[in-house]
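First the structure, in the form of structure tokens, and then the observations on it.
Bear in mind these aren't lab numbers, they're just calculated from the coordinates by the rules spelled out. Remember, it's a predicted structure, so these values are computed and weren't measured experimentally. Because the Cβ atoms are built from the backbone with ideal geometry, glycine has one as well, and the counts that use them run over all protein chains shown.
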Amino acid sequence: MNAPGAAEAAADRQVGRRSWLRWAAVLAIPPALLRAWRGAEPPGWTTRHLWIEPDGQVGAWVERLLDAVPRRIPDADASSVVMGVVFGRPDGMSPMLQEAFRRSGLWHLLAASGQNIALVIGMCIALVVVCGGSRRLGLLLAIAAVPAYVVAAGGGASVVRAAIMGLVGIAAWLRGGMADVRTAAIAAAAMMLWVVPGIHADLGFQLSFACVAALVTAGSPAAQWLHRRLRAPTWLAAAAAATALCQVATAPILLWHVGEAPLLGGVSNFVGIPMASVILVVGLAGALLEPSIPPAGATLLEGAGAVGGVLAWVAGSAAALPGASLGLDGWLAASLAASVVLGGWAAAGHLRLHEVRAGRERVARAAALAAVAGAAAWSVASAPAPAAAGDPPPAGSLVMLDVGQGDAFLLIGERHSIAVDAGPSPLRLRRQLVPLRDELTSRPLTGVVVTHLDHDHAGGLDVLLASHRPGWVATNPHEAAELAERTGAGAPVIALCAGRQLALEPLLVEVLAPPCPSPGQRRGVQPAANDASVVLMVTVAGRRILLTGDAEGHACHCAHAPPADVLKVAHHGSADPLLPGLLRRHRPRLALVSAGAGNSYGHPHPSTIEALQGADVPVVRSDIHGAVRVDIHADGSIHLRAP
């Protein structure tokens, strides 16, 4: 009697799947049109990465949200764990703790992904329902809240994938249907591959979609099998199946990229995942409440920090166990990867979607798969060519970070690095350092030079101190006491003046200015802040780099210095009547200008650009070219590239 009604209901449940399979193809079109129209990458998206850098009021809101965690959780390890679990930003985590999370198989807990997006959506629904609204209104609120969270989380591959899938699901529900998980994953993959050529080679992208593919293909059957065979509770069977499937699916990728994969991840995740869930719920609520209700926010963040400290201990203990990770040679990893792929393909061949209106379903499915195939081809074809395997590493490098209207540079040597200034925005500096995370792990930051304490040079200093824990901080003698008061009991403060040297093998860093104060100089007499800037001459492989801070021609004391091959133009390229003479003296081969796009100061000044062009000096500007890396090789050759 009820068979026709049941069939009709089953068909209705497929409306979402059928409709959203078409959407998987359609959603791939706007990003492609955007790229064709702009002829460049959309703002905030960079090749092979999805880092998002908000400015203005949005950036200020994100900074307040992120700064609440380290401010309320004094323990550095616990704070970094909470930052990783809640916002996918474990930037301040020590290299030792990072390695512990990787070896224990818990590193994925520090990447914002599906559970984070699900929590944001759930919190929106709960908030609206508690206030007397409907679930539909809560989902509409989530459509705005999910992108906001993605911005706060920095926009890594896993959280962008989860956000797209979540928004597709919300839209399907609002239309009266249910979005198929396969459809949402196809839409996410197509959009990301179109918008960011080369993202297919990103490790986070590969791990995220490998785990999703494994769960979609075999998650439900595996959980049911465990439930029947082992008589395990449904929730435990689902958790065990998800953990095992993701570990199996991602192990070949990890083996291929890094040469080892966690072997005890299944065991450590049974302990770590519940703890991470507590940290996520309590920590996100605390971070949201802290700016408006400080006592409640502080209490929640302190609780999340306590659990984060325990999770850090779990990771360290699991990583210390014998056989915590397994390493394989490249050929064996490739064989294992191929067998897993082929096995998954064979298993997927036995799975069939429900047959409803087969003709249109096949067309929609073909269109969706064609969209993903086309997007993947575009991603591969448009990706930047990798560096030749035989290219020797540079003897030393200078990285000009794109921090807006300010200065932030990195000097990278053979084993260590030095930061010169920290820009105006902690958030923007933090985001600029993310692509350099691995390099700063292998070549840790040994010190920070703050040329002077103006906000556009020292605004992000706390990020460097908390995230990279340098051994010392230096500035000019006139502001050393103020800097020591600011850093407190952290890194020792060094006063730099002309004649001092800093060791950064194979780089030699010499201080040209300011002059050292004379013994009889009155303490109250100080030069203007810009004139007191620390000026550095860096020598590597016979080439010289002149870093002038904000010290213009009359204050940089460069007249008698050896000629520089690379010149960092002083004071963001402001008008300097002595610049033409400086250019004639040094005859640089390259000039760097660090300034913010559309800044209100008019930097760089037209007269500065005219002087550089008149001297036939190529100019690289952060407001136009973004972050730039200058590599100097052992033979003295100079190469420019993206960081």
* To do: With an 8 Å cut-off on Cα pairs and a minimum separation of 6 or more residues, tell me the relative contact order of the stretch 577-621 in percent.
  => 56
* Stokes-Einstein D for the stretch 544-635, Kirkwood Rh over Cα pairs, 4 °C, 1.567 mPa s (µm²/s) -> 97
* **Relative contact order (percent, whole number), the stretch 498-634, Cα cutoff 8 Å, 6+ residue spacing** => 18
* How long is the gain from ALA126 to ASN599 if the chain were fully straight, where each residue apart is worth 0.36 nm and the alpha carbon distance is subtracted? -> 166.1 nm
* **Residues with amide H under 5 Å from that of LEU504, placed H, sequence gap 5 or more** => VAL509
* **the stretch 55-176, relative contact order [Cα under 8 Å, separation at least 6], %** => 23
* **Environment charge at GLY114 (Cβ cut-off 15 Å; Lys +1, Arg +1, Asp -1, Glu -1)** => +2
* In the neighborhood of ASP576, defined by Cβ-to-Cβ distances under 11 Å, what is the net charge if each Lys or Arg adds +1 and each Asp or Glu adds -1? -> -2
* If you take the beta carbon distance between ASP635 and LEU508 as r and set R0 to 25 Å, what does 1/(1 + (r/R0)^6) give as a FRET efficiency, to the nearest 0.05? -> 0.90
* In Hz, Karplus ³J(HN,Hα) per residue of the stretch 74-87 (6.51, -1.76, 1.60; θ = phi - 60°; x = Gly, Pro) -> x, 5, 5, 5, 5, 4, 5, 5, 4, 4, x, 5, 7, 10
* Structure fact -> Hull surface over four for the Cα convex hull of the stretch 409-536, reported in nm², is 7.6
* Asked: D for the stretch 486-643, whole µm²/s, Stokes-Einstein with Kirkwood Rh over alpha-carbon pairs at 25 °C and 0.890 mPa s: what number?
  -> 146
* **Radius 12 Å from Cβ of ALA142, net charge of other residues (Lys, Arg +1; Asp, Glu -1)** => +2
* Structure fact -> Sorted largest first, the Cα spans of the stretch 89-170 on the principal axes come out in Å as 48, 23, 19
* Convert 25 °C to kelvin, take the viscosity as 0.890 mPa s, use the Kirkwood radius over C-alpha pairs of the stretch 398-468 as Rh, and evaluate the Stokes-Einstein diffusion coefficient in µm²/s, rounded to a whole number. => 211
